[in-house]
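The values are calculated or read from the model by the stated rules, or taken from the named source; none is laboratory data. This structure is a prediction, so every number in the text was calculated from the model and none was measured. Please note: Cβ atoms are built from the backbone with ideal geometry, for glycine as well, and neighbour counts cover all protein chains shown. In case anyone asks, the SASA skips ligands and DNA or RNA and just uses the protein heavy atoms, side chains included. Shrake-Rupley method; radii C 1.70, N 1.55, O 1.52, S 1.80 Å.
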Amino acid sequence: MTRPVTITGDPEPDQQPHRWDDHVVFYEDVFEPLTQRFALAAIEALSLKPRSRVLDSGAGTGGAALELARRGHRVTAIDASLAMARRATARAAAAALRVEVLTMDGQNLSLPDGSFDAALSVLGVILFPDAVRGLSELRRTVKRGGRIALVTWTAPEAYELIGELRAAALAVLGSLPARPLPAQLRFKEERDFRALFAAAGLPTAEISEVAAELLAPSPAWLAERLAFAPGMAALLDGFGGERAEVIAAFQTRLEERRGPGRLSLSARAYLGSVTVARD
């Protein structure tokens, strides 16, 4: 059986929860609208009954959890970033929605066995240093016969944001250094994504592809907010003294190719869903 791809060495910036604390605002503004499209597909894949008890692992600023609560479900959202959890709590309160938000490591959930009807994780579990353990924890906490839905990146060549940034950096720098496979792309191949479910003791997953768009009011708006996640901030810092020039080239390239106004950049992900086996 194919085993999930393993990344060795120190955790990457995106895998260090405390580093997300400095990116809450930009993440919510720039990135959550993109991931929310994936979240909606994951919610539908859960086939929830009314007032289901649902766990959202790696909930970020709470987009998926808030949508579940709007639909009348009883939601527990967990994230290891204290600032992300606080923002999700504040948003739920502002919208008068009941969401239990906990600051917790998704690889070691302090939650009882079989306490949820379903669980989902949108680009969360797949980023954990031990993704198998993170998914195994969802299996443990979901009732037999309940559903789990997971979202992971696929087709990175179709992720237009990074493609445009790479093209701008190449124009400025002349060449780009080889980079190891980022942790969030460990499961970009369907066989590796399926292997993750199998390694976590789950039945064969149903896999489908979901397309979404990153929307921005303008290239200038997006260029000012490119450091919306720790990994993006580290990538930009890696350009050293040419950082500002690369970002300016990114903005100019988008304005020339797509105009100075509203912008749409495509991305694709896999959605894997499975029913926890009954005893």
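I'd like to check something: does segment 165-173 contain any residue that is without any contact (Cβ under 8 Å) to a residue 24 or more places away in the chain, closer than 22 Å to R37 by Cα and either open to solvent by 30 Å² or more (accessible area, probe 1.4 Å) or in contact with a strand residue (DSSP E or B) (Cβ under 9 Å, 6 or more places away or on another chain) (or both)?
No: segment 165-173 contains no residue that is without any contact (Cβ under 8 Å) to a residue 24 or more places away in the chain, closer than 22 Å to R37 by Cα and either open to solvent by 30 Å² or more (accessible area, probe 1.4 Å) or in contact with a strand residue (DSSP E or B) (Cβ under 9 Å, 6 or more places away or on another chain) (or both).
Output yes when any residue across segment 151-162 is surrounded by fewer than 23 Cβ atoms within 10 Å (Cβ to Cβ), aromatic (F, W, Y), at pLDDT 95 or above and within 29 Å of T76 (Cα to Cα), and no when none is.
Yes.
Would you point out which residue out of A41, A80, A45 is closer than 27 Å to P112 by Cβ, of a type in the set (G, A, S) and open to solvent by less than 30 Å² (accessible area, probe 1.4 Å)?
Being closer than 27 Å to P112 by Cβ, of a type in the set (G, A, S) and open to solvent by less than 30 Å² (accessible area, probe 1.4 Å) holds for just one of A41, A80, A45, which is A45.
Go through segment 253-279 and report how many residues are open to solvent by less than 60 Å² (accessible area, probe 1.4 Å) and free of Cβ contacts under 8 Å to residues at least 60 places away in the same chain.
Of the residues in segment 253-279, 4 are open to solvent by less than 60 Å² (accessible area, probe 1.4 Å) and free of Cβ contacts under 8 Å to residues at least 60 places away in the same chain.
Condition check: at pLDDT 95 or above, open to solvent by 40 Å² or more (accessible area, probe 1.4 Å), touching a Ser or Thr at 6+ places or on another chain (Cβ under 8 Å) and over 28 Å from I126 (Cα atoms). Does R191 satisfy that?
Spelling it out, it is not the case that R191 is at pLDDT 95 or above, open to solvent by 40 Å² or more (accessible area, probe 1.4 Å), touching a Ser or Thr at 6+ places or on another chain (Cβ under 8 Å) and over 28 Å from I126 (Cα atoms).
Here is a list: L176, L215. Which entry is free of Cβ contacts under 8 Å to residues at least 60 places away in the same chain, farther than 17 Å from I126 by Cα and not in a helix (DSSP H, G or I)?
Testing whether each residue is free of Cβ contacts under 8 Å to residues at least 60 places away in the same chain, farther than 17 Å from I126 by Cα and not in a helix (DSSP H, G or I) leaves just L176.
Is it the case that some residue within segment 105-124 is within 27 Å of H18 (Cβ to Cβ), in a strand (DSSP E or B), modelled with pLDDT of 95 or more and open to solvent by 10 Å² or more (accessible area, probe 1.4 Å)?
Looking for residues that are within 27 Å of H18 (Cβ to Cβ), in a strand (DSSP E or B), modelled with pLDDT of 95 or more and open to solvent by 10 Å² or more (accessible area, probe 1.4 Å), one finds at least one in segment 105-124, hence yes.
What are the residue pairs meeting all of these: first residue in segment 33-60, first residue among the small types (G, A, S) and assigned to a helix (DSSP H, G or I), second residue open to solvent by less than 10 Å² (accessible area, probe 1.4 Å) and at pLDDT below 95, Cβ atoms under 9 Å, and 6 or more apart or on different chains?
none
Name, by its number, the condition in (1) open to solvent by less than 30 Å² (accessible area, probe 1.4 Å); (2) under 30 Å from E189 (Cα atoms) that does not hold for L235.
For L235, the exception is condition (1).
Please go through (1) farther than 30 Å from L181 by Cβ; (2) in a strand (DSSP E or B) for I78 and return the number of the only condition it doesn't satisfy.
Just one mismatch for I78, condition (1).
Of the numbered conditions (1) open to solvent by 50 Å² or more (accessible area, probe 1.4 Å); (2) farther than 20 Å from D21 by Cβ; (3) in a helix (DSSP H, G or I), A93 satisfies every one except a single condition; which is it?
It is condition (2) that A93 fails.
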